[in-house]
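Scroll down for the structure; my scribbles are underneath it.
Every number in this text was worked out from the coordinates using simple rules, so none of it is lab data. For clarity, every value in this text was computed on a predicted model and none was experimentally measured. Please note: Cβ atoms are built from the backbone with ideal geometry, for glycine as well, and neighbour counts cover all protein chains shown.
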Amino acid sequence: MSRPLVRVLGQGVRWASSLRGGGSAFPGLVMEKLHPGFVAEELAKLPLGVVVISGTNGKTTTTKMTVQLLRSQGLRVFTNRTGSNFVRGVAASLLAEMDAFGRLVADVAVLELDEAHAVHFVKQVRPRISLLLNVMRDQLDRFGEIDTTRRMLSQVARATTGTVVLNREDPRIASLAQDVTEGTAVSWFGLSDALRPMFPSDDDMRDGLRQVDPGAQDSDVPSARRPDADVVLEAVNARSVELDVRGRKHDATVDLYGVYNQYNAAAALATSLQVLGDAADVPSLVAELGKVTPAFGRGETITVQDKPLQLLLVKNPAGFRLSLASASAQDYATMIAINDQYADGRDVSWLWDVDFDALRDGGVDMVSGVRAWDMALRLDYDLVRVAAVEPDLEDALRRFIADSGERPMRIFCTYTAMLSLRRILGDMTHVAAI
């Protein structure tokens, strides 16, 4: 079968799958079987190459930010927008974006890739730029210890041909600089000394690094000899941030829930600077950050019964901790939904590494999901009042909304719980397509 015919077949499978309301990666599986070189051949045609974004936390939001920043500068950007962050997912996204003649109109690809699947991807496609965000304990039953994740990301760093953008505050990510191939540059993004304790690495969490008020002007954490960074998050205050971009101060708005997303903004900006090179308009890029909306389930706000409901994805101790620190529990009606499906990670023992003291004053209105009783037990150990436990997500959600009164609502949820909740909410109100 000729390659054009295989591509047409793949597009036909994609069209048929879309009519059935799902199967986003299945057309990519067809292409993998019939034309294994499809992804590499198509991405090789892009004049500005491929950007790979990987790491334990923040991939989806940071990818979305980077795509929007680059598009604001006039670039045509291809991305795996469905969140299918493995090779066949990229193939399916390519089929979706191609026209009837098999043409992909794009200057650059910005791809979110799962750490494990990134290893397979870079064997086929060497990225021009890679952004490696962090290494935290996340779904250990899937990927093993954090040093295993670090080794996966080191293969991405070695495969990168142009620039590797690294988080200088994560020791395992910073150490990847030594794995970069000769001739490939290293760029950094980072934090001011005052903000570093707010974003503990996995080692910091075990060593008990002190958290500080984001408005604090100093820190008792000593300044280490760290590499100069292209973008430094200097200060945060609610929705506004102060950034140092190559030695110049800029004030920006980042209207996304959670201080971790303000740090993701610094990572996206640092990556965009590498893609754009001398053509980068820094003030324009900084202004564009204020227009970014949340990725689905990552602080996404859905209006239901005229009240805002935020979905907050949690999957490891650091992410949950930072989400809890981002707003007072007393301001919200709070629900927690914990599943243990493969995509969540079967082992939920990481919940015992999260400090839930911040929820004591406001309590938790509803706990749900497959591991609802495990979550309720964990909260009980931290003396957090739990008003109700209902493992069935739909029953729990409807009861939670009905009992929330006039308060805005937020739900901390694992990945499959988030997908189920969005589907249930879709029957109640408008929910943006993924």
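What share of Cα pairs, in percent, lie more than 24 angstrom apart in segment 271-380? Display every interim value, and only then the final one.
Values: 2359 of 5995 pairs.
When every Cα pair of segment 271-380 is considered, 39 percent fall beyond 24 Å.
Using the Cβ atoms and a cut-off under 12 Å, what net charge is assigned to the surroundings of THR184, where Lys and Arg are +1 and Asp and Glu are -1? Present the calculation step by step, with values, prior to reporting the outcome.
On the way: positive: ARG126, ARG128, ARG158; negative: ASP179, GLU182.
Summing Lys and Arg as +1 and Asp and Glu as -1 gives +1.
For ALA337, enumerate residues with amide H under 5 Å from its amide H, sequence gap 5+ or separate chain, H modeled in the peptide plane.
Amide H to amide H, under 5 Å and 5 or more residues apart or across chains, ALA337 pairs with SER368, PHE412, CYS413, THR414.
Amide H neighbours of ALA235 under 5 Å, counting only residues 5+ apart in sequence or on other chains, H built in-plane at 1.01 Å?
GLU242
Going by average Cβ density within 10 Å per residue, which order do the peptides 37-44, 302-309 take, highest to lowest? Intermediate results must be reported in sequence, preceding the final value.
Numbers: 37-44: 18.5, 302-309: 15.0.
Descending packing order for the listed peptides: 37-44, 302-309.
Can you compute 3J(HN,Hα) from phi for each residue in segment 57-73, using the Karplus curve 6.51 cos²θ - 1.76 cosθ + 1.60 with θ = phi - 60°, rounded to whole Hz and x for Gly and Pro?
Going residue by residue, I get 10, x, 4, 5, 5, 5, 4, 4, 4, 4, 4, 5, 4, 5, 5, 5, 9 Hz, with x marking Gly and Pro.
Put a dot 7 Å past each Cα toward the Cβ at GLU242 and GLN73; how far apart are the dots in nm?
Placing both labels 7 Å beyond Cα along the Cβ direction yields 2.5 nm.
Taking 0.36 nm per intervening residue step and subtracting the Cα-Cα distance, what contour gain separates ASP355 from ILE424 on full extension?
21.9 nm
Tell me which residues come under 5 Å, amide H to amide H, from VAL186 once H is placed; ignore anything under 5 positions away on its chain.
VAL164
Quick check: net charge around THR163, other residues with Cβ under 13 Å of its Cβ, Lys/Arg +1 and Asp/Glu -1?
+1
What does the charge count near THR303 come to, summing +1 for each Lys or Arg and -1 for each Asp or Glu among other residues with Cβ under 15 Å from its Cβ?
Residues near THR303 contribute 0 overall.
Suppose the chain between LYS45 and ARG346 were pulled fully straight at 0.36 nm per residue; how much longer would it get relative to their current alpha carbon spacing?
Separation in residues times 0.36 nm, less the Cα-Cα distance, equals 104.4 nm.
Please sort 157-166, 45-54 by packing, taking for each peptide the average over its residues of neighbouring beta carbons within 10 angstrom, highest first.
Values: 157-166: 23.2, 45-54: 21.4.
Most protected by this proxy first, the peptides run 157-166, 45-54.
Which whole-number percentage describes the relative contact order of segment 298-428, with Cα contacts under 8 Å and a sequence gap of 6 or more?
About 34 percent, as a whole number.
Which entries of LYS45/LYS249; LYS249/LYS307; LYS45/LYS123; LYS249/LYS291; LYS45/LYS291 have Cα-Cα distances beyond 27 Å here?
Going by Cα-Cα distance, LYS45/LYS249; LYS249/LYS307; LYS45/LYS291 fall outside the 27 Å limit.
Which percent, to the nearest 5, of DSSP beta bridges fully inside segment 298-428 are antiparallel?
25
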